[in-house]
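Peer 1: Next up is a structure, given as structure tokens.
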Amino acid sequence: MSTTPQDVLATGTLDLRAALIERIGGYMTAHGIGVAAELGLADLIGTGSRTSRELADATATHEPSLRRLLRMLVAVGIAEEPAPGRFALTDVGSQLRSDSPDSLHKFARMFCHPIFFTSWQSLRHTVTTGERAFDHVHETGIYDWLARHGETSTLFNEAMSEESRLSAAQLAAGYDFPAAGTVVDLGGGDGTLLAAILQARPGLRGVVFDSPSGVAEAPVTLGKAGLADRCEVRSGDFFQSVPDDGDLYIIKSVFQDWGDDEARAILRTVRSHIPASATLLIVGTVLPETADTSAPVAYFTDVNMMVTTGGQERTEGEFRALLEETGFTVRSVGVGQAGPLSVIEAVPASAA
Ligand SMILES: C[S@@+](CC[C@H](N)C(=O)[O-])C[C@H]1O[C@@H](n2cnc3c(N)ncnc32)[C@H](O)[C@@H]1O
């Protein structure tokens with residue numbers, strides 16, 4: 001017997017329907033946040049409130065349409081409408097301000113950028129074939145694409161820096177770094193993580209290592225942090241070689257970008273270049289053995305990696321297997337030791 005609309009009302013399944021429909025609207029939320037970030041609405045609203053007329057004038061947009069977008073952002077908890085047509089930011093929305101210390105403004109612009117939206121439109125291609133949608137759509141891999149699109153590459157590096165800021169502070173405070181020696185951050189991007197560590201440990205020196213486009217913003221970040229004389233920036237390819245003069249190596253949010261074959265290749269390069277006495281810290285998401293609702297971002301990232309880079313998030317067991325197969329011994333796994341991220345400490349097997 002088929003269910004009628006009356007049955008739905010009678011059984012209280014309306015909430016269930018709303019819950020699903022809201023989730024289907026996730027892409028609309030993402031588009032709305034992306035446009036708000038592009039227009040800089042959060043900076044214009046700041047800590048006070050602005051009318052949609054004022055915001056439309058400041059952004060050269062169509063006021064009635066902008067007001068409707070703002071109301072949708074109210075509905076999803078980004079903004080508030082304290083009086084009709086007047087808008088303020090919620091605490092969640094305030095993170096879209098570019099001057100906020102915990103800003104995710106560049107992060108929102110990057111992950112709502114057309115290169116991601118167009119790749120996700122081909123999610124079905126990835127699920128059907130196992131191939132990266134990004135390459136299918138853009139005819140090249142994401143890091144090659146970024147290397148050829150300087151402005152977006154800068155935005156990507158800045159977005160990563162915003163994402164790293166919280167876990168950098170937590171790692172700098174929560175991990176027992178040595179007082180002296182050299183820390184090498186592999187795939188270290190703009191150096192945000194290393195800057196936080198070096199600021200917390202004045203006796204340490206550092207090396208940020210990444211591809212030429214990956215390290216492009218690092219001299220500025222390190223210069224602003226007053227660390228130019230304690231931290232070197234080196235470019236290279238971690239599939240070929242990595243610096244051999246470090247004591248502690250960090251590799252944060254990198255293995256998620258790669259499938260197991262590439263992850264093993266990177267680890268073998270690391271293993272063959274680092275001193276036998278060195279320590280390796282992998283900082284990233286460690287997935288639970290079975291999926292649950294406690295960390296949806298980890299699963300968004302996992303599928304985002306499947307679509308864009310061909311990489312994946314991993315469980316502790318999967319990390320252990322990769323490390324053991326490539327000549328490392330795992331010393332400890334600190335789940336959640338760096339904000340939402342975990343820290344896996346490993347050493348070359350011969351040194352264990
Ligand atoms: C997801 S980002 C993470 C950046 C930084 N570790 C962080 O957590 O903010 C991955 C980094 O790996 C770098 N990368 C990609 N391929 C590389 C290669 N072959 N050699 C060195 N770095 C590479 C990228 O340029 C990028 O900075």
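The values are calculated or read from the model by the stated rules, or taken from the named source; none is laboratory data. Computed from a prediction, not measured in an experiment: that's the story for all the values here. Please note: Cβ atoms are built from the backbone with ideal geometry, for glycine as well, and neighbour counts cover all protein chains shown. To get the accessible areas, we keep the full protein, side chains included, count just its heavy atoms, and leave off ligands, DNA and RNA. Shrake-Rupley method; radii C 1.70, N 1.55, O 1.52, S 1.80 Å.
Peer 1: If only one of 168, 180 is closer than 27 Å to residue 238 by Cβ, in the same structural domain as residue 268 (by TED's automatic domain parsing) and in contact with a Ser or Thr (Cβ under 8 Å, 6 or more places away or on another chain), which one is it?
Peer 2: 168
Peer 1: Under 6 Å by Cβ, and 6 or more places apart or on different chains, what pairs join a residue from the range 134-156 that is more than 14 Å from the ligand (Cβ to nearest atom) with one that is assigned to a helix (DSSP H, G or I)?
Peer 2: As it stands, the answer is 136/125; 137/118; 137/119; 138/145, since those pairs meet every condition given.
Peer 1: Let me ask something else about it. Spot the failing condition for residue 106; the list is (1) basic (Lys, Arg); (2) without any contact (Cβ under 8 Å) to a residue 12 or more places away in the chain; (3) open to solvent by less than 70 Å² (accessible area, probe 1.4 Å), and only one is missed.
Peer 2: Status for residue 106: all satisfied but (2).
Peer 1: Please go through the range 116-133 and pick out each residue that is open to solvent by 60 Å² or more (accessible area, probe 1.4 Å), in contact (Cβ under 8 Å) with a residue 60 or more places away in the chain and hydroxyl-bearing (Ser, Thr, Tyr).
Peer 2: Hits for the range 116-133: nothing passes.
Peer 1: Of the residues that sit in the range 242-265 and are within 25 Å of residue 204 (Cβ to Cβ) and within 10 Å of the ligand (Cβ to nearest atom), which one is surrounded by the fewest Cβ atoms within 10 Å (Cβ to Cβ)?
Peer 2: 253
Peer 1: Only one of (1) out of contact with any strand residue (DSSP E or B) (no Cβ under 9 Å at 6 or more places or on another chain); (2) among the small types (Gly, Ala, Ser); (3) within 22 Å of residue 278 (Cα to Cα); (4) surrounded by fewer than 19 Cβ atoms within 10 Å (Cβ to Cβ) is not met by residue 174, so which one is it?
Peer 2: Failed condition: (1).
Peer 1: Which residue is farthest from residue 331 (Cα to Cα), if the candidates are limited to the range 266-300 and must be open to solvent by 20 Å² or more (accessible area, probe 1.4 Å) and among the hydrophobic types (A, V, I, L, M, F, W, C)?
Peer 2: 300
Peer 1: Then there is this: Please go through the range 170-203 and pick out each residue that is in contact with a Gly (Cβ under 6 Å, 6 or more places away or on another chain) and either of a type in the set (A, V, I, L, M) or part of a helix (DSSP H, G or I) (or both).
Peer 2: Once the filter is applied, which keeps residues that are in contact with a Gly (Cβ under 6 Å, 6 or more places away or on another chain) and either of a type in the set (A, V, I, L, M) or part of a helix (DSSP H, G or I) (or both), the range 170-203 yields 170, 179, 180, 183, 184, 194, 198.
Peer 1: Go through (1) outside the structural domain of residue 195 (by TED's automatic domain parsing); (2) without any contact (Cβ under 8 Å) to a residue 60 or more places away in the chain; (3) among the hydrophobic types (A, V, I, L, M, F, W, C) for residue 303 and report which single condition fails.
Peer 2: So residue 303 meets the others, but not (2).
Peer 1: Could you please tell me which pairs satisfy a Cβ distance under 9 Å, a separation of 6+ or placement on different chains, a first residue in the range 318-335 that is within 13 Å of residue 284 (Cα to Cα), and a second residue that is open to solvent by 20 Å² or more (accessible area, probe 1.4 Å) and of a type in the set (Lys, Arg)?
Peer 2: So the pair list comes out as 333/320.
For every residue, the table says whether it meets (1) modelled with pLDDT under 95; (2) touching a helix residue (DSSP H, G or I) at 6+ places or on another chain (Cβ under 9 Å); (3) on the phi > 0 side of the Ramachandran plot; (4) of a type outside the set (A, V, I, L, M, F, W, C).
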| residue | (1), (2), (3), (4) |
| --- | --- |
| 270 | no, no, no, no |
| 289 | yes, yes, no, yes |
| 292 | yes, no, no, yes |
| 299 | no, no, no, yes |
| 309 | no, yes, no, yes |
| 341 | yes, yes, no, no |
| 349 | no, yes, no, no |
